[in-house]
Amino acid sequence: MAALVMELVEGAMMAVEALGEAVAVAEEAAEVTEIAAEVAEASEALGCLSGVVNTFTGFIETVSTYLPQIVGGAAAVSAISAIIWKTVITITHKEKANKAWKGVGSVYKTLSSLLGAAADWIKKHEDDTVVWDGMTIAADALIGEYMKPLTKHFDTASSVAKKLKEQTDKKQESVSVKDDIDALLSPCEKCLTDFKNLLEFISQHEETYPVLKSFPLKQEDIDNLAPLISAAQKAYDAL
């Protein structure tokens, strides 16, 4: 997956850098008043993601902890998100499809933020160790079994994002919008379960392992993510 992640990251950086051109193309295609909200929303999303994707580019090359795949997975989600938002303003012009793309884009933007915070924590504590069942292990290994599944969920989504990138480069409307959005949304529900299991583990062990108290994901984050997924699913169902 590493090669695909790096390809997606490079594509996402190109999406961010090409935002000005994409906005110009969109403004030429329609009245500014008709697309102003979409352009503003996509611009804000891509602006937030640019720094995240940039950071992950360095992370993938340098991280040496027990869970480097988490960083790769987080990078993939951020890259997917950036590509989705470029899709919103570059090739999507039908109202229902636009709403669905924006819905899934909001989900991925939030996931990018959550996984980015987790990756930052891993990087910060990469040299920390704890004693687990009489053995000295890396601190981030405490959450390993709960975080690793998150990276596996997005293999198919990454392939869809690669196809979307190629379509946005050619300014081609997707001919399989519903299938694409379904493939992008499917892993998100699984993430909710993984996050809930992770937070339950942390709550049970943070007194024994105080380093877990600084883990940035909280129940409030999961509570905020769930309605975004529901809204995106409703927009998908309306296609």
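The values are calculated or read from the model by the stated rules, or taken from the named source; none is laboratory data. On a predicted model such as this, the values are computed, not experimentally measured, just so you know. All Cβ positions, glycine included, derive from the backbone under ideal geometry; neighbour counts span all protein chains shown. Each accessible area value is taken on the protein alone, full model and side chains, heavy atoms only, with ligands, DNA and RNA left out. Shrake-Rupley method; radii C 1.70, N 1.55, O 1.52, S 1.80 Å.
Some observations on this one:
- When Gln233, Gln204 are checked against the criterion of being of a type in the set (S, T, N, Q), outside any loop (DSSP other than H, G, I, E, B) and touching a residue at least 24 places away in the same chain (Cβ under 8 Å), Gln233 stands alone in meeting it.
- Count of residues meeting criterion [open to solvent by 20 Å² or more (accessible area, probe 1.4 Å) and either part of a helix (DSSP H, G or I) or more than 25 Å from Pro216 (Cα to Cα) (or both)] in the stretch 147-170: 13
- Of all the criteria given as (1) hydroxyl-bearing (Ser, Thr, Tyr); (2) more than 30 Å from Ser230 (Cβ to Cβ); (3) in contact with a helix residue (DSSP H, G or I) (Cβ under 8 Å, 6 or more places away or on another chain), the one not satisfied by Ser186 is (2).
- Applying a threshold of 9 Å to beta carbon distances and a minimum spacing of six or more residues, or different chains, the list of pairs starting in the stretch 176-197 at a residue that is closer than 17 Å to Lys109 by Cβ and ending at one that is surrounded by fewer than 20 Cβ atoms within 10 Å (Cβ to Cβ) and of a type in the set (Asp, Glu) reads Pro187/Asp155; Phe195/Asp221.
- Condition check for Gln167: of a type in the set (S, T, N, Q), farther than 15 Å from Val104 by Cα and in contact (Cβ under 8 Å) with a residue 12 or more places away in the chain: yes
- Entry remark, the stretch 204-225: residues being surrounded by 15 or more Cβ atoms within 10 Å (Cβ to Cβ) and within 19 Å of the chain's Cα centre (by Cα) number 5 in total.
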